[in-house]
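Notes follow the structure.
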Amino acid sequence: MRFADVRAYYTPVMGELGQRRTKNEERRTGNDGTEPRTRHRSWTGFFVRILCSRSSFFVPVVLVLSSWFVLRSPTVNAQSNQPIYPAYAGYMKNPDGSYTLAFGYFSHNAEVITIPPGTGNSFAPDPLDRQQPTVFKPGHWRFQCVMVVGPEFDGKLRWNLTYAGVTTGTSERMLQSNWKLIEGAAKLSRIDYAKVKRDVCLNRAPRVRLLGKTARNGEVSIDAKTSEELHLFGSAADEGLPRGGNLVVGWKMLKGPGSVTFSAPAQPRTKATFTVPGRYELELSATDSELATALRVVVTVT
């Protein structure tokens, strides 16, 4: 990410923190026209002294009180109306002279936000609707819009988002050498750039994995016992295309000497119980209604 994008992302956040600090200082010193407030600092010192002491009785009490203050803090509620920042991740130049571009976004909102295509969610120059994401989940999401453009591309393409009264956009200098993709380039190089539709965000197959395990040839291996539930920490993610489609996830048994019971077969994270020892093959799959991905999980049960 370029410095300009980082500055655009953090400036409003730091500005808000600076204003909040100034207001708190005014209240503490009485410069805002009210009585000075000096108890915050003393309470903080009290909590710190207690936590640093050797008293085992007061520590849980202080932790509970601290959690109560955090939950009542206005900064937590502020997470419901924050700007959303589009982010340009970089580009790859393909052998035929075309380019593969990658975009993502940051959202500090605690809930999922929907911004339909239009003035609040657009690309420039036209067409403004390039099948970009319209549903924005909390957090930082990379490679949510991947598109292929022709060799004539001049590097001038900007994704703009307007939310919470703030309009933000990506960098317009897209073909500088420092934007060449390194991380993620291997996966994007598998795109058939000669055949896919150009100048729009591409629908790619969902990504599935088992957390903590590295897949080899689409397979991971784990051990389990018949006397214990096996915790399967699966994960499934998608960029949200096609629009209107739903990400459907499922677990099933492919083969094994006995039967398997899943506590939540339609969720990526589930528990599995096996009836008899042996070698089982399970599958975690995900589909976005057009494309599908599957991961085979080999379980050796003793």
Going by the conditions given, is Glu283 surrounded by fewer than 19 Cβ atoms within 10 Å (Cβ to Cβ), in a loop (DSSP other than H, G, I, E, B) and among the charged types (D, E, K, R)?
-> no
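Quick grid of which residues meet (1) more than 20 Å from the chain's Cα centre (by Cα); (2) outside the structural domain of Asn121 (by TED's automatic domain parsing); (3) of a type in the set (A, V, I, L, M, F, W, C):
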residue: Val149; (1), (2), (3): yes, no, yes
residue: Gly155; (1), (2), (3): yes, no, no
residue: Tyr193; (1), (2), (3): yes, yes, no
residue: Lys197; (1), (2), (3): yes, yes, no
residue: Gly212; (1), (2), (3): no, yes, no
residue: Ala236; (1), (2), (3): no, yes, yes
How many of the residues in the range 238-293 are of a type in the set (Ser, Thr, Tyr) and on the phi > 0 side of the Ramachandran plot?
-> 1
Do the conditions hold for Ala185, that is, is it more than 24 Å from the chain's Cα centre (by Cα) and farther than 22 Å from Thr270 by Cβ?
-> no
Give the range 157-204 a look and list any residue that's surrounded by 18 or more Cβ atoms within 10 Å (Cβ to Cβ) and not in a loop (DSSP other than H, G, I, E, B), or say none.
-> Trp159, Leu161, Tyr163, Thr168, Gly169, Trp179, Leu188
Expected output for the range 171-196 (first residue closer than 19 Å to Ala87 by Cβ, partner surrounded by fewer than 15 Cβ atoms within 10 Å (Cβ to Cβ) and of a type in the set (Gly, Ala, Ser), Cβ below 7 Å, 6+ apart or cross-chain) is Ser171/Ala4
Going by the structure shown, is Gly184 in contact with a strand residue (DSSP E or B) (Cβ under 7 Å, 6 or more places away or on another chain) and at pLDDT below 95?
-> yes
So, first residue under 13 Å from Val112 (Cβ atoms) and in contact (Cβ under 8 Å) with a residue 60 or more places away in the chain in the range 134-149, second residue surrounded by fewer than 19 Cβ atoms within 10 Å (Cβ to Cβ) and polar (S, T, N, Q), Cβ within less than 7 Å, six or more apart or across chains; the pairs are Thr134/Thr114; Val135/Thr114
Of all residues in the range 256-279, how many are under 34 Å from the mean Cα position of the chain (by Cα) and of a type in the set (D, E, K, R)?
-> 2
Kindly indicate whether Pro265 is in contact (Cβ under 8 Å) with a residue 12 or more places away in the chain, part of a loop (DSSP other than H, G, I, E, B), within 27 Å of Lys137 (Cβ to Cβ) and in contact with a strand residue (DSSP E or B) (Cβ under 7 Å, 6 or more places away or on another chain).
-> yes
Hey, Glu219 over 30 Å from Lys156 (Cα atoms), loosely packed, with under 12 Cβ neighbours inside 10 Å and not basic (Lys, Arg) or not = no
Residue tally, condition out of contact with any Lys or Arg (no Cβ under 9 Å at 6 or more places or on another chain) and more than 22 Å from Ala236 (Cα to Cα), over the range 273-302 | 3
Given Val297, Val248, which one is within 30 Å of Gln144 (Cβ to Cβ), hydrophobic (A, V, I, L, M, F, W, C), in the same structural domain as Thr226 (by TED's automatic domain parsing) and within 23 Å of the chain's Cα centre (by Cα)?
-> Val248
Of the residues that make up the range 205-215, is at least one of a type outside the set (A, V, I, L, M, F, W, C), surrounded by fewer than 14 Cβ atoms within 10 Å (Cβ to Cβ), touching a strand residue (DSSP E or B) at 6+ places or on another chain (Cβ under 8 Å) and modelled with pLDDT of 95 or more?
-> no
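The values are calculated or read from the model by the stated rules, or taken from the named source; none is laboratory data. All values reported here derive from a predicted model rather than from experimental measurement. Every residue, glycine as well, gets a Cβ built from its backbone with ideal geometry; the counts of neighbours run over all protein chains shown.
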